[in-house]
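The values are calculated or read from the model by the stated rules, or taken from the named source; none is laboratory data. What you see is a predicted model; the values in this text were computed from it and never measured. Positions of Cβ are backbone-derived with ideal geometry, glycine not excepted, and every protein chain shown enters the neighbour counts. The accessibility values were calculated without ligands, DNA or RNA, using every heavy atom of the protein model including side chains. Shrake-Rupley method; radii C 1.70, N 1.55, O 1.52, S 1.80 Å.
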Amino acid sequence: MWGACKVKVHDSLATISITLRRYLRLGATMAKSKFEYVRDFEADDTCLAHCWVVVRLDGRNFHRFAEKHNFAKPNDSRALQLMTKCAQTVMEELEDIVIAYGQSDEYSFVFKRKTNWFKRRARL
């Protein structure tokens, strides 16, 4: 995206701001546009077929969240119940998940071997 702005490093912040506003105002998008050639440089990160795909979600700022809600250390039952309910909800929404398991402030979801969710891409 930034390469399309054609902004040089030595340009002033005002020029960068104007160029960026012009770029955004034009509504340039990646799909079906002149910038689609960038996809040719993407690495293929497709997971192997017929293999288990495990997606790990790690808590972000969980320490601050725990302090705000006065969770007891090391395992507050309210926090554990909240994380379990969230995992159950995800499993209900995505039928291709076989099992979910939690550890600390993270949850891992194991998808079926033949799943095609996210086009089996390792990164989104």
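Rank-order 63-71, 42-50 by packing density, defined as the average count of other C-beta atoms within 10 Å over each peptide's residues, highest first. Don't skip to the answer; put the middle values down first.
Working: 63-71: 11.7, 42-50: 9.4.
Highest to lowest by the protection proxy: 63-71, 42-50.
Straight distance only, please: which aspartates and glutamates reach the Cα of residue 34 with their own Cα at less than 20 Å, same-chain residues fewer than 8 apart left out?
The qualifying aspartates and glutamates are 42.
Treating the beta-carbon of each Lys and Arg as +1 and of each Asp and Glu as -1, no other charges, what is the dipole magnitude of the range 43-120 about its Cα centre, to the nearest 20 debye? Please list the in-between numbers first.
Working: 12 positive and 11 negative charges, 13 e Å.
Roughly 60 debye, rounded to the nearest 20.
Where does the charge balance sit around residue 45 when Lys and Arg score +1, Asp and Glu -1, over other residues with C-beta under 11 Å from its C-beta?
Values: positive: 119, 120, 121, 123; negative: 42, 44.
With Lys, Arg at +1 and Asp, Glu at -1, the neighbours total +2.
Measuring from label point to label point, each 7 Å out along Cα→Cβ, what is the residue 120 to residue 96 span in nm?
For residue 120 paired with residue 96, the spin-label model returns 1.0 nm.
So for the range 43-120, if I pair up every lysine 8 or more residues apart or on another chain, how many of those pairs have alpha-carbons under 29 Å apart? Could the numbers behind the result be given before it?
Values: 68/85; 73/85; 85/112; 85/114; 85/119.
The result is 5.
Where does the charge balance sit around residue 100 when Lys and Arg score +1, Asp and Glu -1, over other residues with C-beta under 15 Å from its C-beta?
Details: positive: 56, 85, 112; negative: 58, 92, 93, 95, 96, 105, 106.
Around residue 100, the charge tally is -4.
Solvent-accessible area per residue for the range 40-85 at a 1.4 Å probe radius, Å²? Display every interim value, and only then the final one.
Details: 4110 Å² over 46 residues.
Averaged over the residues of the range 40-85, the accessible area is 89 Å².
Using amide H atoms built 1.01 Å from N in the peptide plane, name the residues 5+ places from residue 121, or on other chains, whose amide H lies under 5 Å from its own.
47
Starting with the highest mean, order 107-113, 54-60 by the number of other Cβ atoms within 10 Å, averaged over the residues of each peptide. Spell out each step's value before the answer.
Values: 107-113: 16.7, 54-60: 12.3.
Result, highest mean first: 107-113, 54-60.
Hey, any idea what % of the range 43-120's accessible area is carbon plus sulfur with a 1.4 Å probe?
Numbers: 3370 of 6150 Å².
Accessible surface attributable to carbon and sulfur in the range 43-120 totals 55 percent.
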